[in-house]
Amino acid sequence: MTSPISGRQPQAVRSALLILEEVAAAGVGITAKEISVALRIPPATTYRLLNLLVAEEYLVRLPDLGGFALGRRSANLAPLPLATPTAARTVMRRLRERVRWGAHLVAFDRHRLQFLDPDPDHPPTDADELSRHLHASGLGRLLLAEHDLPDGPLTRLTPHTTVDRDRLREVLAEVRASGFARQCGEFHAALGCLAVAIRAPGDGRLVAGLALTGPAERVAAPNAELIELLRDHATELAPLLA
């Protein structure tokens, strides 16, 4: 038999829901202190509710970012994925016919990545895994280049992973200057990623990323034609996704 709800429990439920909303709005990496300040919930209460939400898998802790992100069960609260226009899928199909690498289309939602059209012949890394380690992902670096680098230590995934914050800032400055991002064996030792941004035609807002994945040694020295091919397809995709 279910026990009756006590006088304090409704407020605790409301606070827990507010915390979920705050994490969803702020994106990957928001800290307990930031949540407590934003919602004006006492720190002790905030920590207690965060621990409960993590235990129930509605949130996950991010040791590399020192904060939190939505967990597996939160997806059940809004299970509908973003729709990908048929015209965008056609563009992706044409790109895949011209390259032998994996070609992936990804949407950005604050600090989260969601695959709109992953390459069926070259399955990508899970989007949640990429979102947890943005510093090690070519697509993640497109996103980080638009924002301040989150506080906290960076997880080393392979011997090639950039975990020095000063070096990562240099990498992100290169992304902003060149207009494309890459990683060579930093997420998976043998694989690399080359990615370009897809921006809204009107205001230049970052809405998605277009990436090729392949051998790390080839990503380290991509030819200009390959980068131009990616940029041409990103330009074609922009009005379809904005």
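Annotations for the structure displayed:
- For the chain: rounded, prolate or oblate by the Cα gyration tensor [a/c cutoff 1.5]: prolate
- The string of couplings for the range 142-159 from the Karplus curve (6.51, -1.76, 1.60, θ = phi - 60°) is 4, 6, 5, 5, 8, 9, 5, 5, x, 6, x, x, 9, 6, 8, 8, 9, x Hz, one whole number per residue in order, with x for Gly and Pro.
- Placing +1 on each Lys and Arg Cβ and -1 on each Asp and Glu Cβ, with no other charges, gives the chain a dipole about its Cα centre of roughly 440 debye.
- Label-point separation in nm, Leu229 to Thr86, each point 7 Å along Cα→Cβ: 2.7 nm
- Accessible surface of Glu21, taken over heavy atoms with a 1.4 Å probe and every protein chain present, rounds to 120 Å².
- Calculated FRET value between Glu34 and Asp126, using beta carbons and R₀ = 30 Å, to 0.05: 0.70
- Solvent-accessible area of Phe180, all protein chains in place: 40 Å² (probe radius 1.4 Å, heavy atoms, ligands and nucleic acids excluded).
- Sites Arg169 and Ala200, calculated FRET efficiency, Cβ-Cβ separation with R0 41 Å, nearest 0.05: 0.95
- On a per residue basis, the convex hull of the C-alpha atoms belonging to the range 104-154 measures out at 71 Å³.
The values are calculated or read from the model by the stated rules, or taken from the named source; none is laboratory data. Predicted, not measured: the structure shown is a model, and the values here were computed from it. Every residue, glycine as well, gets a Cβ built from its backbone with ideal geometry; the counts of neighbours run over all protein chains shown. Accessible surface is based on the protein model in full, side chains and every heavy atom, while ligands, DNA and RNA are left aside. Shrake-Rupley method; radii C 1.70, N 1.55, O 1.52, S 1.80 Å.
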